[in-house]
């Protein structure tokens, strides 16, 4: 309803900034990688997904019916369905977060989901939850934008933006501000629920962009109020087209033969495995390796950030302080926030207990989800079978945490360097830190030999690692507030 | 509850002396006397673990940034040695756990967060006391444990799922034990069995191993859901193992039998990080938590519901606890994340039992009352009888046999169960009231009348009266304006006591009933108008002529009268000024309506001793168009008192009802009054009342009523209750797949799933179909069709039936 009048009259079909950019590029004759416009993902050919779901066509359907609100298998579910084992725990925890008993009212949960997804301009999730919110039939004017929402929810924006972009900045004062008694105060239980929701949807936005999930084309939504809010987004694929200028300029990593690339990776893994025993890197060495990895992560893909223009999409109405974006954890010549020691505040020991105490049972579900994501393996890599991928998975997981400044004392960050090639690091950094910039080219440029399902697996790991990192920071702040 | 002699005999010097003696005796075993007081010292950094040396004179504190040895002196801690040396200490100094050897006083072992196991030899002359370094584990080492009697044997358990046994004379581990599962959280050598150790795992299992057989565990059992953070062997009883887990439980297992048997279970309030048996006390163990809860508890496992003793000094979570001496139960040391090291004296512990309420009281589902109290309190009760089988009418008693060996556990309380009498526990009135009340759909006054009647019939006169009053207070004043002047003119300049309100019903059908009430009202006036006998007679006549028998003046209302006459003292006083009526009607009934007269009207009453209310009444009985339902002087306040004048009173009344537990009344009035009162009561209170009432209704399975209440409520938080789980999933009739977006068109086969057999349009609302031939359509269309034809509208030839 706050859709401005002129936007209706002048142009019934909105074209967002990004698309305009693309169109201009097209006019200039630049080759634009063409996304798969049909099917669930812009990155993955539809056949691949269909094929995979053919093997086990029912689970996905059954799960979606049981857990998704509309009984409808959306694109996200179909892509995630490449890993049905994970999908189950994912849907279960999401269902619990959004539908089951919890401290927050149902419509607020969806609104928080919208707020979280909007931070990453994830129109897929925003429109999904706008629809869900609409279904609730309450407080519809909140959908006009964040400024129409009650103050209490708007107060959440502060930790929303911090968690989305620089979670290490969250302190107990933030928690205090929200919880301190007053008209718009939050109870701790509500806050924990909100924090879990925020982390969940920030991370999910990473997955959506990382896997190039296509927007849900909703043909029947042609009538009524709903369409006013939902259907007049530009139907461009946000995920695949923008920022291609930067992308084109980055050096193409595809110079080496991709087959040998895979062999080399396997080799390195094997060597590391064997080296383990005699690896006697000194402690100082280990510490510097972490620092190095941390420092290097900021060189990776930190392109031209400054000229970022906020797209005036329909999503932005749910965003306040849009200029607050990602900044590197470790920055040269500045006082860096202290490294987060994973052993001092771990999910299993501390995070779980706190979360489960304030919002019962979610701990178990999240625990299950994290474990499933971390343990998921098919014992193969690309065409090779019977491979122990533990190392690789751990490297991915820990690399994400490393970018967020979380350090594991017992991990040798040299491994990250050996196992993750530069193009992959670029991809990881983009997907976790500013997922809205992910492009098809980035997705394609790493691990060329690997199957799409394996790349989705990577995305799952990145998503979970990111969610856990955010949760750890947020929960640590809450713990500090409580003590 | 009844305790025998406590260990802490406050104010009993004799016993105190005895205890001191005992403590000296026990500590004598340790070759040096232990004494001290509750004391603490600041550390530079949070501690992760602590350990004491065998002679209980020194304690080592280890953490990420601290590794120090403190001497325990009489009055204070004294820093003896800082083991964390070097300009930039490596991660090997970052300790997750530390243990002091119990045989060799110079030997320490630490578990480092980077996966190293380090031993330290305090006898070394150099500043760096590091002795051996084992870097065999790939992940963080969670626990190290020396063999209790073997000097060179060290065991470690790590995050990588392996346990390793080291011989300190060799450079490498001598054996590796694979748990074949997730991380090892704790390893403990058995105190009594030379070869046995226990390991606890993150997946909830506990394994027992024989140190000589690294190939597989001796036995395994699942002890907890979620990680088992700690375990501890009983120092004396060889079969007992205590485990603590993230599931907030401490369990004691008897390992002597074939299957590990859980013999005790203590439920704590937070995940259990450490558990340590108390020396010399068979049943006691100390626990501390990893999150949220900062206290240290000592439990008597036989009494798992309340801690035996609590130490509340720490400001952040306690990370390490250790009994200072293995034969002295009175000194406990603890390290914490708040960077302090404490020595707790047992005599300074707080005893939650002392503060606990020793009486318990609980209502049963059917109104029974159970009461448990200290035996001595009840023993005087003459009604005590043995529990007679199924009859719950009598008190029952349970006694625990006093255990003479222990002091703490002498608890005996008596439990009595009282069955409440049938009448008092009966909630029929609630159910009936809920069913019969009308909350909407009719004019306000009718609703009030109806509800008043309902309450009256259920023998709840006070509630009934309240309804009547409400009706009077809030009836639309617009209707009253016409008779007002009229009455006044007839009555001269006297203020009116009892002119009649003209209500919305001017119809004849109401006549009878109104008259009945008029009679009632006229009686009511008598105390004020006692001087006019004739009027009374007249009233009597009127009444007789009407022949109304529906109003009974039975004893049932007696109580109520008393109630009100007390409440309205003013009035009662005034009544005394007048001689009371002579007639035969009992007085109580008229008082029933008194409360509806606002108090300030009493003044008027006093001013007009010859109040001619009865005249008015007479007038009313003549066939005019004004019928009153209740003859209370409404014009009096309708002229100068707007309805909201009463809001504060009503608000108070509602709160009163709600506080009395009659939330039904509060909510019903709230709904019936609607906007008249809503703004007076804050939303939260309203919501609270609604929630309570709805909850009650649902417990009585009055679903319809509860739904009506939800519907009629104006709180958004309540109305949204009806919005939850209202989704109905349907499958497409063609392809049998679930329909996702619309109920009438299938996304997959693009067919309209439900077409009306009569009009052939899509049915978007109610769809009715024949169970015989499964054809159907719009409810209305099918109804009409079947009125004229008995065959199916689809033409299938089926003889459909619509009932």
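Things to note:
- Residues in the stretch A:407-442 that a label on residue A:288 would reach, taking backbone N under 20 Å of a point 7 Å out along Cα→Cβ: A:407-419
- Alpha carbon convex hull of the stretch B:248-306, volume per residue in cubic angstrom: 81
- Cα-derived Rg to Rh of the stretch B:217-340, Kirkwood definition: 0.96
- Taking every residue in A:407-415 and counting other chain Cβ atoms within 10 Å of its Cβ, the average works out to 4.
- Overall Cα dimensions of the stretch A:115-184, principal axis frame, Å, largest first: 35, 28, 16
- Between residue B:773 and residue B:427, full extension at 0.36 nm per residue minus the direct alpha carbon distance yields a gain of 119.8 nm.
- Estimated distance in nm for a label pair at residue B:369 and residue A:371, the labels positioned 7 Å out from Cα along Cα-to-Cβ: 4.9
- Fraction in percent of alpha-carbon pairs per bin - 10 Å, the stretch B:183-269: 19, 56, 24, 2
- Taking 15 Å as the cut-off, the amide N atoms of the stretch B:32-70 that come nearer than this to a point 7 Å along the Cα-to-beta-carbon line of residue B:85 belong to B:67-69.
- Long-range tail of P(r) for the stretch B:45-184 (Cα pairs > 19 Å, %): 48
- C-alpha center-to-center spacing [the stretch A:340-366, the stretch B:255-307] in angstrom: 22
- Counts of other chain beta carbons within 10 angstrom of each beta carbon in peptide B:112-124 average 2.
- In whole percents, the pair-distance distribution calculated for the stretch B:761-803 from its alpha-carbon pairs, binned every 10 Å from zero, is 32, 59, 9.
- Cubic angstrom per residue, convex hull over Cα atoms of the stretch A:361-418: 109
- Dimensionless Rg ratio for the stretch B:657-729, taking C-alpha atoms and the 2.2 N^0.38 Å reference: 1.10
- C-alpha center-to-center spacing [the stretch B:33-111, the stretch A:408-471] in angstrom: 42
- Per-selection Kirkwood Rh - the stretch B:160-225 (Cα, Å, 1 d.p.): 12.2
- Nitroxide proxy distance, nm - points 7 Å out along Cα→Cβ at residue B:169 and residue B:649: 9.9
- Cα pair count fraction exceeding 16 Å, expressed as % - the stretch B:62-129: 49
- If you plug the beta carbon distance of residue B:345 and residue A:180 into 1/(1 + (r/R0)^6) with R0 = 25 Å, you get a FRET efficiency near 0.10.
- Inter-label distance, residue B:73 to residue B:700: 7.4 nm, where each label sits 7 Å from its Cα along the C-beta direction.
- According to the calculation over all Cα-Cα pairs in the stretch A:67-152, the P(r) per 10 Å bin from zero is 16, 48, 30, 6, 0 %.
- Fraction of alpha-carbon pairs over 20 Å apart in the stretch B:293-358 - percent: 28
- Volume of the Cα convex hull of the stretch B:95-167, divided per residue and given in Å³: 72
- Convex hull projection area averaged over all views, the stretch A:396-483, Cα basis, nm²: 6.6
- Highest-first arrangement of B:122-133, A:200-211, A:461-472, B:700-711, where packing means the average Cβ count within 10 Å: A:200-211, A:461-472, B:700-711, B:122-133
- Taken residue by residue and averaged, Cβ atoms of other chains lying within 10 Å of the Cβ of B:83-94 number 2.
Here, each number is a calculation from the coordinates, and none is a lab measurement. The structure displayed is predicted, hence computed values, not measured ones. Virtual Cβ from ideal backbone geometry, glycine too; neighbours counted across all protein chains shown.
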